[in-house]
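The values are calculated or read from the model by the stated rules, or taken from the named source; none is laboratory data. Bear in mind the structure is a predicted one, so any value in this text is a computation, not a measurement. Backbone-built Cβ (ideal geometry, glycine too); neighbour counts: all protein chains shown.
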Amino acid sequence: RGVGGGEGHAGGGAAAGPGRAALPRGAPPGPALGGPVFPPPLSLISLVPPHYLRFCLSPQLSTMKGELAEAERVLHQALHLAHQSDDRRAIVYTYSMSNSCIVSSWQDDNAVLEMSLKLASIYAAQKQHKLALAGYEFCILTLEEKIAKQKDLPEDVLSAEEKANTRLLLGMSLDSYARYLLNINQLPVAQKMYEKALQISKDVQGETHPQTVVLMNDLATVLDAQGHYDEAYSYVKRAAELAKETQHPEEHMVLNNLAAILMHKKDFLQARQVYKEALKQAEQKGDVASVQHIQEELAELAKRRKGST
């Protein structure tokens, strides 16, 4: 992900880069399913084609049996089929069905919330905005409530590691939501999500963790896209320092952002030097896409320098 120099707007895709931490694993298993799993409304079922419906009944049965991995597999299969047929009714039904599985005694289990986050990310990639927003907000609100409940629990009831896992999952949810908001140009809200995600990463993993560096860089991106160049510079400068200190695998991308923000601040000489270093590192790492992007940014820089004289 990088700050686009040409228009001063952030680029950035939804996929995680090498420096992005994986969703936390090892969360404690949820309670055994004892409560009912309610099916979606019959009004929705009646709208769904029969060949699709057979995929949608399996996740509920699997969840009843506690087979969460199988439920997730079938949900993804059902969602894929729905999008292949471009059937919005089937897509809505899948989301309703997945939430009916969640609204049970498992609803705040980390594994279930991680599955819901994955679904929200899929909806975001498919530009199903209402479903994506509902999914992200469900994950974030549920996790915030869970953390508030866990806050004062003693170590013998809930370990510090388990509490940290939940906070990290909230951080990843905020990060994923922020990237989605950035892509749909909801910049002020994206900024708030990035700020919260960054604070969690600093608190739980420390300032030098690769994920913290990525989040600093991403927060700088959204600040830059709003024209807050000085604040963006302070974040990306620190990210670049930490990336160099820790030999971050995406140091060249952080440097590219730093150079773009320097260009927006009209510090053309310093921007050129940083772009050159970013280009050198990208070439060394064989990152062809970044090499091409940085070369384009250098060409844009040359135009801006010429136009300012």
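Conditions (1) surrounded by fewer than 23 Cβ atoms within 10 Å (Cβ to Cβ); (2) within 22 Å of L258 (Cα to Cα); (3) touching a residue at least 40 places away in the same chain (Cβ under 8 Å), marked per residue:
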{"residue": "D152", "(1), (2), (3)": "yes, no, no"}
{"residue": "S159", "(1), (2), (3)": "yes, no, no"}
{"residue": "R167", "(1), (2), (3)": "yes, no, no"}
{"residue": "A190", "(1), (2), (3)": "no, yes, no"}
{"residue": "P210", "(1), (2), (3)": "yes, yes, yes"}
Inset, instruction - Working only within region 212-229, note down all residues that are buried (at least 24 other Cβ atoms within 10 Å of the Cβ) and free of Cβ contacts under 8 Å to residues at least 40 places away in the same chain. - result: T212, M216, L223
Legend entry - Leading residue by the ranking (nearest to Y235 (Cα to Cα)) among those in region 258-267 that are out of contact with any Asp or Glu (no Cβ under 8 Å at 6 or more places or on another chain) and buried (at least 18 other Cβ atoms within 10 Å of the Cβ): L258
Inset, instruction - Scan region 227-241 for residues that are over 21 Å from the mean Cα position of the chain (by Cα) and more than 18 Å from A282 (Cα to Cα) and jot them down. - result: G227, H228, Y229, D230, E231, Y233, S234, K237, R238
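Residues checked against (1) in contact with a strand residue (DSSP E or B) (Cβ under 9 Å, 6 or more places away or on another chain); (2) of a type outside the set (K, R); (3) over 21 Å from K202 (Cα atoms):
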site	(1), (2), (3)
P249	no, yes, no
V254	no, yes, no
H264	yes, yes, yes
F268	no, yes, yes
R272	no, no, yes
L279	no, yes, yes
Q284	no, yes, yes
V288	no, yes, yes
V291	no, yes, yes
Legend entry - Subset tally (residues that are aliphatic (A, V, I, L, M) and in contact with a Ser or Thr (Cβ under 6 Å, 6 or more places away or on another chain)) for region 182-227: 1
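In region 214-226, is there at least one residue being outside any helix (DSSP H, G or I), under 26 Å from the mean Cα position of the chain (by Cα) and at pLDDT 95 or above?
If we filter region 214-226 for residues that are outside any helix (DSSP H, G or I), which is where we start, we get 226.
Narrowing further to those that are under 26 Å from the mean Cα position of the chain (by Cα): 226.
Those still in the list that are at pLDDT 95 or above too: 226.
The answer is yes; a qualifying residue exists.
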Inset, instruction - Sort out which residues of region 273-303 are closer than 22 Å to V222 by Cα and not hydrophobic (A, V, I, L, M, F, W, C), and write them in order of number. - result: Y275, S290, H293, E296, E297, E300
Legend entry - Verdict on V112 being under 24 Å from the mean Cα position of the chain (by Cα) and modelled with pLDDT under 65: no
Inset, instruction - State yes or no: is T221 under 30 Å from N165 (Cβ atoms) and among the polar types (S, T, N, Q)? - result: yes
Legend entry - Neighbours by Cβ (under 9 Å, 6+ apart or cross-chain): first from region 265-289, among the hydrophobic types (A, V, I, L, M, F, W, C); second at pLDDT 95 or above and not in a helix (DSSP H, G or I): A271/K265
Inset, instruction - Considering only residues that are free of Cβ contacts under 8 Å to residues at least 60 places away in the same chain and closer than 12 Å to H252 by Cβ, look in region 291-309 and name the one that is surrounded by the most Cβ atoms within 10 Å (Cβ to Cβ). - result: I294
Legend entry - Tally of residues being small (G, A, S) and at pLDDT below 90 across region 136-170: 0
